[in-house]
Amino acid sequence: MNRIVFISSLLILIVYGCHKETSVEPSNNIPVWLKVKIDSMSTIQDYYGTKVYRYKWHIEYVYHIMIPISSCAYCEVYNYNGTKIQFENDTQFQDFLNNKTDQVLIWEWTKKL
């Protein structure tokens with residue numbers, strides 16, 4: 001009986017330990033323009049630590065590129081077609097912050113060159 005409890009507990013810990021809050025997008029679902037941008041960023045040391053997220057905002061997917069050396073946290077937000085989103089005012093920006101959903105990690109640069 002103790003053996004069953006031990007094995008069950010171990011399996012639960014393994015499954016729980018492997019679970020991440022942010023899922024990772026399969027590469028075949030990434031738009032071509034974003035793949036090109038990621039390939040370009042991955043060769044420049046200044047982009048080390050960059051993360052690319054996909055969100056759903058209203059009815060479309062948007063992509064947020066978080067660059068650690070940037071002084072503007074939300075400067076790099078693009079629509080699905082690769083057009084940079086210019087937040088016209090604080091209301092639109094707050095709408096983005098409050099209503100973005102379904103965060104998915106697309107890419108993260110974790111290795112130095």
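The values are calculated or read from the model by the stated rules, or taken from the named source; none is laboratory data. The model shown is predicted, which means the values in this text are computed figures rather than measured ones. Every residue, glycine as well, gets a Cβ built from its backbone with ideal geometry; the counts of neighbours run over all protein chains shown.
Test residue 59 against the criterion of being surrounded by fewer than 11 Cβ atoms within 10 Å (Cβ to Cβ), more than 16 Å from residue 35 (Cα to Cα) and touching an Asp or Glu at 6+ places or on another chain (Cβ under 9 Å), and give yes or no. Against the criterion (surrounded by fewer than 11 Cβ atoms within 10 Å (Cβ to Cβ), more than 16 Å from residue 35 (Cα to Cα) and touching an Asp or Glu at 6+ places or on another chain (Cβ under 9 Å)), residue 59 does not qualify. Residue 106 passes every criterion in (1) loosely packed, with under 13 Cβ neighbours inside 10 Å; (2) touching a residue at least 12 places away in the same chain (Cβ under 8 Å) apart from (1). Selection of the range 18-27 for residues being at pLDDT 50 or above and touching a strand residue (DSSP E or B) at 6+ places or on another chain (Cβ under 7 Å) yields 24, 25.
Would you check if there is a residue in the range 28-47 being outside any loop (DSSP other than H, G, I, E, B), touching a Gly at 6+ places or on another chain (Cβ under 6 Å), within 21 Å of residue 100 (Cβ to Cβ) and at pLDDT 95 or above? Yes: the range 28-47 contains one or more residues that are outside any loop (DSSP other than H, G, I, E, B), touching a Gly at 6+ places or on another chain (Cβ under 6 Å), within 21 Å of residue 100 (Cβ to Cβ) and at pLDDT 95 or above.
Kindly indicate whether any position in the range 81-102 is under 12 Å from the mean Cα position of the chain (by Cα) and among the aromatic types (Phe, Trp, Tyr). No - not one qualifying residue is present in the range 81-102. Within the range 58-93, being in a strand (DSSP E or B) and among the aromatic types (Phe, Trp, Tyr) holds for 61, 63, 78.
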